[in-house]
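Contents: one structure, followed by commentary.
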Amino acid sequence: MKITQTQNKKVKPDFSKLGFGKYFTDHMMMMTYSNGAWNEPEIKPYSPVPMDPCTNVLHYGQGIFEGMKAYKTPEGKITMFRAYDNLKRMNKSAARLCMPEIDIDLVMDCLKKLLTIDEDWIPTAPGTALYIRPFMIANDAALGVHAAHNYIFFIILSPVGSYYAHGLQPTKILIEEEYVRAPLGGTGECKCMGNYAASLFAGEMAAKKGYDQVLWLDGKEHKYVEEVGAMNIFFVIDGVVVTPALVGSILHGVTRRSVIEVLQKDGYKVEERRISTDEIVQAHKEGRLNEVFGSGTAAVISPVGVLNFRGEDLVINNNEMGAVSKHAYERITSIQNGTAPDEFGWVIKVN
Ligand code: COI
């Protein structure tokens, strides 16, 4: 691996006002793919990437990404949370988008080095972390519509606070019945750029009405709950934790899996199955919809206080974070930030 360190370190932002994905560290990792193989990876100063205007990712969106987080333990050690799972998922996304797989061990070595070089950028206050964004783009300078022959893989790092501006305050989510995120057979299961571009229109319309995000329904009947744009979704109905089964159009969330594993271990009943909007509305009407929350790397555990369905606001748990959401949040974040034992073997030691 080639390493070039910057001579001009950036002035760091105020770590108490980070928001999400606004600041980037001093270095990045980059690795090109050509002639059927990945070339030597490089760590270098964070910088713009010159691109031919006809580069195919700019036209046809052949690009994928991931998101994971690094932390500093109270003892000052750098750790990551379940990062192998994200890189494995990235290889699944790569296969679906006709892109080359990465060598996970090699990338992990580079990432550890990158984190060590930029370790001063890891925030330590509660609710903060260093967000890791690996991504891969098609890099052929040509307009034909086919899988590219050249690619670039990057990792950039961003110190972050909470994903939503209002932190752990419950979000307002609109159930979207007209537009869909991903039909069966589409790319919904993978983390490709186009999935997010396709979600923007409904997201903007929801934002205009005062909602933070939309809850997507299935692409066929527009009836079964799938996920929220930046997170998977959980419902607590009659004390049972229910989340949509991974039917092929839903992202296999690493935090989603962690929530299921923690809650099951702690004695909660968790079901992965189809959930219809009728069931949610009925449960709410009968006072049985105890809690709703989202899960994601960026969002961590994010309570939902209002679900809007067909113009009506269903207020959940008095618009407060509920006991199950709190339990999941505390269990997962304490393992992540090293204040609780790593009983599931999720923490990766960097140094
Ligand atoms: C993540 O949680 O890491 C995501 O990628 C969601 C979003 C920021 C796109």
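What the table below lists for this structure:
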quantity	calculated
Single unsatisfied condition, residue 134 versus (1) within 16 Å of the ligand (Cβ to nearest atom); (2) outside any strand (DSSP E or B); (3) not charged (D, E, K, R)	(2)
Near pairs, Cβ below 7 angstrom, 6+ apart or cross-chain, from the range 290-309 (over 14 Å from residue 127 (Cβ atoms) and among the aliphatic types (A, V, I, L, M)) to any residue that is within 12 Å of the ligand (Cβ to nearest atom) and at pLDDT 95 or above	304/294
Extreme residue, nearest to the chain's Cα centre (by Cα), among residues of the range 1-49 that are under 26 Å from residue 148 (Cβ atoms) and hydroxyl-bearing (Ser, Thr, Tyr)	46
Hey, residue 329 within 16 Å of the ligand (Cβ to nearest atom) and out of contact with any Cys (no Cβ under 6 Å at 6 or more places or on another chain) or not	yes
Of the criteria (1) touching a Phe, Trp or Tyr at 6+ places or on another chain (Cβ under 6 Å); (2) closer than 22 Å to residue 180 by Cα, which one residue 241 fails	(2)
Hey, residue 173 in contact with a Lys or Arg (Cβ under 7 Å, 6 or more places away or on another chain) and crowded, with 20+ Cβ neighbours inside 10 Å or not	no
Condition check for residue 188: under 21 Å from residue 134 (Cα atoms), out of contact with any Phe, Trp or Tyr (no Cβ under 8 Å at 6 or more places or on another chain), of a type outside the set (A, V, I, L, M, F, W, C) and crowded, with 20+ Cβ neighbours inside 10 Å	yes
Set 304, 315: member being hydrophobic (A, V, I, L, M, F, W, C) and surrounded by 21 or more Cβ atoms within 10 Å (Cβ to Cβ)	304
Residue within the range 277-288 that is surrounded by 15 or more Cβ atoms within 10 Å (Cβ to Cβ), more than 16 Å from the ligand (Cβ to nearest atom), part of a strand (DSSP E or B) and assigned by TED's automatic domain parsing to the domain that holds residue 231 present	no
Looking only at the range 240-262, and only at residues there that are of a type in the set (Ser, Thr, Tyr) and farther than 16 Å from residue 215 by Cα, the one that is nearest to the chain's Cα centre (by Cα)	255
The lone exception for residue 341 - which of (1) of a type outside the set (S, T, N, Q); (2) closer than 24 Å to residue 115 by Cβ; (3) surrounded by 14 or more Cβ atoms within 10 Å (Cβ to Cβ) it fails	(3)
The one condition in (1) more than 16 Å from the ligand (Cβ to nearest atom); (2) surrounded by fewer than 22 Cβ atoms within 10 Å (Cβ to Cβ) that residue 291 fails to fulfil	(2)
The listed residue being within 14 Å of the ligand (Cβ to nearest atom), part of a strand (DSSP E or B) and touching a residue at least 60 places away in the same chain (Cβ under 8 Å), out of 250, 173, 233	233
Filter result for residue 39 (touching a Pro at 6+ places or on another chain (Cβ under 9 Å) and at pLDDT 95 or above)	no
Neighbours by Cβ (under 7 Å, 6+ apart or cross-chain): first from the range 128-146, over 18 Å from residue 43 (Cβ atoms); second among the β-branched types (Val, Ile, Thr) and within 13 Å of the ligand (Cβ to nearest atom)	128/160; 129/160
When residues of the range 176-219 are limited to those that are assigned to a loop (DSSP other than H, G, I, E, B) and acidic (Asp, Glu), the one nearest to residue 307 (Cα to Cα)	212
Residue pairs meeting the criteria (Cβ under 6 Å; at least 6 apart or on separate chains; first within 16 Å of the ligand (Cβ to nearest atom), in the range 8-23; second hydrophobic (A, V, I, L, M, F, W, C))	18/160; 20/160
Tally, over the range 176-185, of residues that are surrounded by fewer than 21 Cβ atoms within 10 Å (Cβ to Cβ) and in contact (Cβ under 8 Å) with a residue 40 or more places away in the chain	6
Single match in 32, 79 (criterion: away from the ligand (no atom under 16 Å from the Cβ), surrounded by fewer than 20 Cβ atoms within 10 Å (Cβ to Cβ) and part of a strand (DSSP E or B))	32
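The values are calculated or read from the model by the stated rules, or taken from the named source; none is laboratory data. Values in this document were obtained by computation on a predicted structure and should not be read as measured data. Here Cβ is always computed from backbone atoms with ideal geometry, including for glycine, and neighbour counts include all displayed protein chains.
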